[in-house]
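S.K.: Before I ask anything, here is the structure I am working with.
The values are calculated or read from the model by the stated rules, or taken from the named source; none is laboratory data. Predicted, not measured: the structure shown is a model, and the values here were computed from it. Every residue, glycine as well, gets a Cβ built from its backbone with ideal geometry; the counts of neighbours run over all protein chains shown.
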Amino acid sequence: MSAEVDRLKWLHLRAVEESDLDTIKSWQSDPRLRDDIVGYPFPINDQKVSTWLQDLHPSPVPSTVHFAIEFEKRPIGLVSLRDINWIHRCASTSIYIGDPRLRGLGLGRGSMALLTDYAFRSLGLHRLSATILALNTKSIAMFSSLGFVHEGDLRDRFFVGGEWHMALSLSLLATDSHPPLAREANVLT
């Protein structure tokens, strides 16, 4: 068994809870992470994070679903389906691993594999997309390794660090072949 698959046995997706708010605030306040994922560029306070949590599920049929990524029983990041269109069966994805020491270990890939499995098998979605800052080559490689296909370039899509940057548009269809990493690691929860 590979080290990555062994490590993924300790990886789970779960609902975001109030006890996660301080950790999420610290991640979203880290300018290096925020700039890599092109996150919310304004100062984050306790009230802002608390309001975000309260607004997660405003309707019975959500257009956004967030999961806390849990590794060895502690939250390490967030993974989301956004802009879910229940008619056209598509959604956008986003992910981040908050602790820089845990990046590059396959945990983001494992988490996205779990999310794609959930989106396609449990929700019946057909298409997932990701918009990634072109400079974020590690994210692009991770999405590509899961079968996401480069669809196009978005010129001057993000303003980060005082400069305009290109983004890449990637997608994955339920009918595409993609690695069964989530099932192999037996981490579906």
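S.K.: Would you check if G161 is surrounded by fewer than 17 Cβ atoms within 10 Å (Cβ to Cβ) and over 28 Å from S19 (Cα atoms)?
M.R.: yes
S.K.: So which residues in the stretch 118-127 are farther than 12 Å from F67 by Cβ and crowded, with 17+ Cβ neighbours inside 10 Å, if there are any at all?
M.R.: Scanning the stretch 118-127 gives F120, L125, R127.
S.K.: Looking for whichever is crowded, with 20+ Cβ neighbours inside 10 Å, under 26 Å from P31 (Cβ atoms) and either touching a residue at least 60 places away in the same chain (Cβ under 8 Å) or among the small types (G, A, S) (or both) here; the options are A130, A141, A113. Which one fits?
M.R.: Unique residue meeting the criteria: A130.
S.K.: Right, something else. Of the residues that make up the stretch 144-151, is at least one closer than 20 Å to W27 by Cα, more than 15 Å from the chain's Cα centre (by Cα) and surrounded by fewer than 18 Cβ atoms within 10 Å (Cβ to Cβ)?
M.R.: no
S.K.: Now for a different question. If Y40 meets every condition in (1) at pLDDT 65 or above; (2) closer than 27 Å to F158 by Cα apart from one, which number is that one?
M.R.: (1)
S.K.: For the stretch 85-103, name all the residues that are loosely packed, with under 15 Cβ neighbours inside 10 Å and closer than 21 Å to I24 by Cβ.
M.R.: P100, R101
S.K.: Could you tell me which residue of the stretch 118-135 is nearest to A167 (Cα to Cα), considering only residues that are under 13 Å from the mean Cα position of the chain (by Cα) and of a type outside the set (S, T, Y)?
M.R.: I132
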